[in-house]
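Student: If you scroll down you'll find the structure; I have some questions about it.
The values are calculated or read from the model by the stated rules, or taken from the named source; none is laboratory data. Predicted model, so just to flag it, every value in this text is computed and none were measured. Glycine gets a Cβ as well: all are built from the backbone with ideal geometry, and neighbour counts include every protein chain shown. Protein only, heavy atoms only, side chains kept; ligands, DNA and RNA dropped before computing areas. Shrake-Rupley method; radii C 1.70, N 1.55, O 1.52, S 1.80 Å.
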Amino acid sequence: MSEQITNIIKTVDGIVWGPVMLVLLIGTGIFLTFRTGFLQFRRFGYMLKNTVFGLFSKNQHEKDSSGVSPFQAVATAMAGTIGTGSIAGLATAIVSGGPGAIFWMWVSALLGMVTKYSEIVLSLKFREKNEKGEWVGGPMYYIKNGLGIRWLAAIFAVFAMIACLGTGNATQSNSIAVALNSTLGITPWITGVVLTVIAAAVILGGMRRIASVNEKLVPFMAVFFVLCAVAALVINFRAIPAAFALIFKEAFNFKAAFGGAAGYGITVAMQFGFSRGVFSNEAGLGSAPMAHAASSTKDPVKQGLWGMFEVFFTTIIICTLSGLVILTTGLWSGAGLEGAALSIASFDKILPGVGKYGITLATVLFALSTLLGWAYYGEVSIGYLTNKSKTAILIYRIVYVAVAFIGTVSSLDTIWTFSSAMNGLMAIPNLIGLIGLSKVIASVTKEHELQHKKL
């Protein structure tokens, strides 16, 4: 029975992430790139100025009763993106799709920058307030309030609710269990019990507690991981050129696509590159905009710029560093390792001890923050479907915490495939919403440009 379920999930995943999805993702990114005048390239400097370079600005941390501060919203969203997709997901992409998958992750990120920007702009434009006077938003709200298609909004909410249990929960807890087991020999069920207690303590406190925890976790873990990766690559710098050459060579390898004799093939590389790229930065899924919509900021474009930065940082910076470390060690081929275990072994080969325990810590923190961030996405989804029922939200929180334990003792392959399939299913209605409301995106962007004279 278990094998049959796994085969069904793999079949659905193969269909969802087939040529149609790739065309839809790429097409939407290209369409929005033209619609906004190549925003992600044209105003890259403006994005940095108003995001990471303006991090210590007072208005980034101001909040009121209607929502969390802009930075807390960003931290929660980035907690969902700078997760195991940057470590375990990237490693899985290389093993399953070959080194060429990294190139297609870059492509997905460059297009995804404007896609996520658009999602956030629409989320703030069409968001609503709950009974507490707090902002709630996301694709279901801009599909309903913008396009006026309630049934499509409901479909997105259903897929998002299910995806939260897989993508944002089970894959994260599984990566934590694998990391701690491979490094410290901790039995998965023990990890599950401890993780369940931590998750319950934070998640049951709602968005404000989740945002408060992630506001402190995200900056620390991001800087820590980058420093570890840079140190490893400096030591192993002679292997970097060959790693880049391998990425580009395998990205356009047609041999396996036609003969199946050598390499992974461009189709497989693209499939895993885009699916894991989306898992890494969430552009096109419509998940992160739910966190951004909770911000007290009144400027959709300013918050949208943070979305662009998230994609750039998580995939172009974090995933590239992680991928280069794996490729320069050669452990990705023939070592029999996958997921978080492959990343940890690769870092440890270059940085003995520091790599082993440091990347284990990074994996645990990344996964934990992602698990907490996606808990809120599930709340927004179930809240939309039940007219913001407090009872339904509480039940979902309890189920979510329980799944965190289940993920620690489940099969990695099945969990990742299920998560990948759910990501694709929730992306479809969201991308339809983005295309249908592209005129609004362009209008809001142009209005901001006129007001600030330089966007």
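Student: What is the Cα centroid distance between the stretch 170-210 and the stretch 435-452, reported in whole angstrom?
Tutor: 41
Student: How much accessible surface does ILE432 have with a 1.4 Å probe, in Å² rounded to 10?
Tutor: 80
Student: Okay, moving on. Can you give me the relative contact order of the chain as a percent, contacts being Cα pairs under 8 Å and 6 or more apart? Before the final figure, lay out each step's value.
Tutor: Numbers: 830 pairs, mean separation 161.8, N = 455.
Value for the chain: 36 percent.
Student: Here's something else I'd like to know. Identify, among PRO241, SER443, MET78, the residue whose Cα sits farthest towards the positive end of the charge dipole of the chain, taking +1 on the Cβ of Lys and Arg and -1 on the Cβ of Asp and Glu, with the dipole about the Cα centre.
Tutor: SER443
Student: Under the rule of -39500 (n - 2.57) per DSSP H run of 4 or more residues, summed and divided by the residues of the chain, what mean residue ellipticity at 222 nm is obtained, to the nearest 500 deg cm²/dmol? Spell out each step's value before the answer.
Tutor: Working: 23 runs with 332 residues, N = 455.
Helix-only estimate at 222 nm: -23500 deg cm²/dmol.
Student: Given a 1.4 angstrom probe, what's the average accessible area per residue across the chain, in square angstrom? Don't skip to the answer; put the middle values down first.
Tutor: Working: 16930 Å² over 455 residues.
Using a 1.4 Å probe on heavy atoms only, each residue of the chain averages 37 Å².
Student: Out of the stretch 1-45, which chymotrypsin sites (Phe, Trp or Tyr not before Pro) are coil in DSSP terms and have no more than 13 other C-beta atoms within 10 Å? Write out the running numbers ahead of the final one.
Tutor: On the way: sites: TRP17, PHE31, PHE34, PHE38, PHE41, PHE44; in loops: TRP17, PHE38.
Of the chymotrypsin sites (Phe, Trp or Tyr not before Pro), the ones in loops of the stretch 1-45 whose Cβ has at most 13 other Cβ atoms within 10 Å are PHE38.
Student: May I ask for the net charge around GLY146, where only other residues with Cβ less than 13 Å from the Cβ of GLY146 are counted and Lys, Arg are +1 while Asp, Glu are -1?
Tutor: Working: positive: LYS125, ARG127, LYS144, ARG150, LYS439; negative: GLU119, GLU128.
Net of charged neighbours comes to +3.
Student: Right, something else. Please pull out the direction-averaged projected area of the stretch 91-233, using the convex hull of its alpha-carbon atoms, in nm² to one decimal place. Please list the in-between numbers first.
Tutor: Working: hull surface 47.5 nm².
The directionally averaged projection comes out at 11.9 nm².
Student: Within the chain, which complete DSSP H helices have Cα atoms spanning at least 15 Å along the helix axis and a mean Kyte-Doolittle hydropathy of 0.5 or higher? Don't jump to the answer; show the numbers that get you there.
Tutor: On the way: long enough: 2-16 (21 Å, 0.39); 19-35 (23 Å, 1.87); 70-81 (16 Å, 0.77); 100-125 (38 Å, 1.10); 150-165 (23 Å, 2.15); 171-184 (19 Å, 0.40); 188-203 (21 Å, 2.20); 206-235 (43 Å, 1.55); 240-251 (17 Å, 1.38); 266-281 (22 Å, 0.65); 300-311 (17 Å, 0.22); 339-350 (18 Å, 0.97); 354-385 (46 Å, 1.04); 390-408 (28 Å, 1.57); 412-436 (36 Å, 1.05); 438-452 (21 Å, -0.57).
Span-like helices here: 19-35, 70-81, 100-125, 150-165, 188-203, 206-235, 240-251, 266-281, 339-350, 354-385, 390-408, 412-436.
Student: Now for a separate question. Kindly state, as a whole number, the per residue volume in cubic angstrom of the convex hull around the alpha carbon atoms of the stretch 180-259.
Tutor: Working: hull volume 17.4 nm³, N = 80.
Dividing the Cα hull volume of the stretch 180-259 by its residues yields 218 Å³.
Student: Take peptides 5-14, 192-201 and line them up by average Cβ neighbours within 10 Å, highest first, as a rough protection proxy.
Tutor: Values: 5-14: 14.9, 192-201: 16.8.
Per-residue mean Cβ counts within 10 Å order the peptides as 192-201, 5-14.
Student: Using only alpha carbon pairs under 8 Å that are at least six residues apart, calculate the relative contact order of the stretch 108-192 and give it in whole percent.
Tutor: On the way: 59 pairs, mean separation 12.5, N = 85.
With pairs under 8 Å counted, the relative contact order is 15 percent.
Student: Can I ask one more? Once you charge only the Cβ atoms, +1 for Lys and Arg and -1 for Asp and Glu, what is the size of the charge dipole of the stretch 339-421 about its Cα centre, to the nearest 20 debye? Don't skip to the answer; put the middle values down first.
Tutor: On the way: 5 positive and 3 negative charges, 41 e Å.
That gives the stretch 339-421 a dipole magnitude of about 200 debye.
Student: Between ALA200 and LYS249, with labels modelled 7 Å along Cα→Cβ, what's the label distance in nm to one decimal, could you check?
Tutor: Roughly 5.3 nm, to one decimal.
Student: To the nearest 20 Debye, how big is the dipole of the chain about its Cα centre, given +1 on the beta carbon of each Lys and Arg and -1 on that of each Asp and Glu?
Tutor: Numbers: 32 positive and 19 negative charges, 215 e Å.
So the dipole magnitude of the chain works out to roughly 1040 debye.
Student: On the accessible surface of the chain, probed at 1.4 Å, how many percent belong to carbon and sulfur atoms? Walk me through the intermediate numbers first.
Tutor: Values: 11490 of 16930 Å².
Summing carbon and sulfur atoms, their accessible area is 68 percent of the total for the chain.
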